[in-house]
Each structure stands twice: as C-alpha cells, then as structure tokens.
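Any read-out appearing in this document is the output of simple, stated calculations on the displayed coordinates, not a laboratory observation. Because the structure is a prediction, the values reported are computed rather than measured. Glycine also receives a Cβ, built like all others from the backbone with ideal geometry; neighbour counts cover every protein chain displayed.
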Amino acid sequence: MKLRIKDYPLVLELLVNQRNGIEEFLEGGSKNILINRARSLKSTIKRGRTWRFSIPIDHPLMFIKNNSQLQVDISCEIEGRGDIITKQNIILRLWSFDKNLCYREEIDSTELKVKLDHNNCKRVMLRFHFDFKEPNGKQLEPKYHFHVGGRCRTDDENCWLPEQIDIPRFPCPPMDLILICEFLLINFFPKESEQLRKKPEWQSLVRKSQDLFLKPYYDICTKKYLKDQNETLLGNLVAPLKGV
C-alpha cells in the first residue's frame with residue numbers, strides 16, 4: 001500500500017524505536033526532539049491539508065561523534081498540501097573536534113582560536129543543504145538540488161566556508177529525514193550500523209520514504225524527461241513549471 005503523508009508521523013517515530021531505530025547513534029535528547037516534532041506534525045495534518053514538519057537549527061537532531069571525532073546534526077523544514085511537497089530545506093552540518101583540523105595556525109586568526117577554545121575546539125567544517133525551490137526563470141537551478149555552504153545559522157559554527165558562495169547547485173533527488181539518516185549511517189557509521197541496516201524493520205522504514213519522496217521523482221525522470229527529444233534531463237529539471 002502506498003504511503004500517505006498522514007502515515008508519515010508514525011514512520012518518523014519508528015525511526016527512533018529501540019527495536020529498529022537509530023537511537024544508539026543519537027545524542028541524548030534527540031530522540032525526544034524527533035518524537036515531539038513527529039506528534040506535532042500529526043496534529044497539524046489532522047487540522048487540515050496544509051502541514052509543516054520542522055526541526056529547528058538551535059535544537060537539531062544530533063548524532064554521536066564517530067571514530068574520526070566528527071559529529072553531524074540535522075535540521076529541517078518540510079511543508080506540503082496533502083501528499084504534495086511544497087517546501088523542503090534540510091541542513092546537515094559536519095562538526096569537528098580535532099584541534100589540528102579546526103584551527104590552522106598558519107592561516108586562521110588568533111581571535112578565531114579564542115572562540116574555538118571557548119567552544120571546546122568544536123567547529124563546523126562543512127554545511128550541506130538539500131533544498132526544494134520552484135524554478136522561477138531568474139536563476140537556473142534544479143527544483144530539487146544540493147549545495148555546499150550557505151549562511152551560518154548559529155553563533156558557534158565558525159564555519160570556514162564563505163556565505164556569499166552558494167553555487168553550484170547539483171540536481172539531487174528529494175530527501176527526507178529517514179533517507180538522510182540512512183545516508184549518514186552508511187557514511188559515518190558503516191560498520192557500527194551494518195546490523196541495523198540489514199534489519200527488515202529498518203529497510204521497511206527506508207522503503208516507505210522512498211515510496212513517498214523518491215518514486216515520483218524517478219518516475220517523471222524515466223518516463224518523461226529522459227524520453228524528451230526537445231530538451232535534456234537537466235534542462236527539464238531547471239525549467240520553470242517543469243521540474244518534479
């Protein structure tokens with residue numbers, strides 16, 4: 001049975017279920033953040049067709065540090081009308097606690113060193129955005145795209161990427177919290193998460209998100225855009241009113 005958006009809050013709660021979820025990879029408090037936000041989404045959906053799911057940047061879903069002393073957090077805003085996604089912004093921040101990586105003595109300022117010392121040498125090394133934006137003709141960008149950088153959202157980031165550069169924007173299939181979590185487990189906890197990722201319960205969660213977020217994207221790409229003899233795939237994805 002096709003997953004509907006009204007079923008999505010329960011799927012999000014299952015993401016941190018002790019039996020088939022990722023709770024062991026999350027910092028304390030992140031489980032409750034996700035559960036509370038999922039239940040808020042459920043209430044919003046019951047009130048009407050327009051809904052919003054949000055995890056704010058100042059209270060993100062925080063993963064534990066991996067063996068390389070890297071830590072990732074996720075914040076997001078996803079909105080829609082019924083089963084149609086109208087807004088998507090998922091921010092993934094990569095923090096490092098490695099003094100040699102966070103501060104480059106030959107390049108960085110002493111002022112930055114003071115800030116990092118006050119922040120336990122914790123620094124945002126990279127910031128990734130998975131976005132949805134309706135093409136408007138003013139800027140050529142895929143409706144669903146991914147880019148590195150963007151503006152700082154909290155005072156403690158000290159990110160070394162300039163905020164003024166937010167291109168290129170790569171075409172990217174739609175992502176949601178569950179698909180992002182699978183991505184993070186594979187990249188940052190490949191061995192530790194292997195047993196979890198093989199569980200039928202976990203794979204069922206991922207497939208539900210694939211059905212809701214990915215299938216429409218790949219359907220229109222394979223059944224329409226790749227067969228278009230008048231335009232390329234990327235041309236269709238960046239064209240106003242023709243994206244997915």
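When LYS133, LYS87 are ordered from fewest to most other Cβ atoms inside 10 Å of their Cβ, what list results?
Details: LYS133 16, LYS87 13.
The fewest-first ordering by Cβ neighbours comes to LYS87, LYS133.
The string of couplings for segment 29-43 from the Karplus curve (6.51, -1.76, 1.60, θ = phi - 60°) is x, 5, 4, 5, 4, 5, 4, 5, 5, 5, 6, 5, 4, 4, 5 Hz, one whole number per residue in order, with x for Gly and Pro. Proximity of backbone amide H atoms, modeled 1.01 Å from N, is registered between VAL72 and PHE63, TRP95 at under 5 Å, excluding neighbours fewer than 5 places apart on the same chain.
Pairs exceeding 22 Å between alpha-carbon atoms, taken from LYS65/LYS99; LYS65/LYS133; LYS46/LYS133: LYS65/LYS133; LYS46/LYS133.
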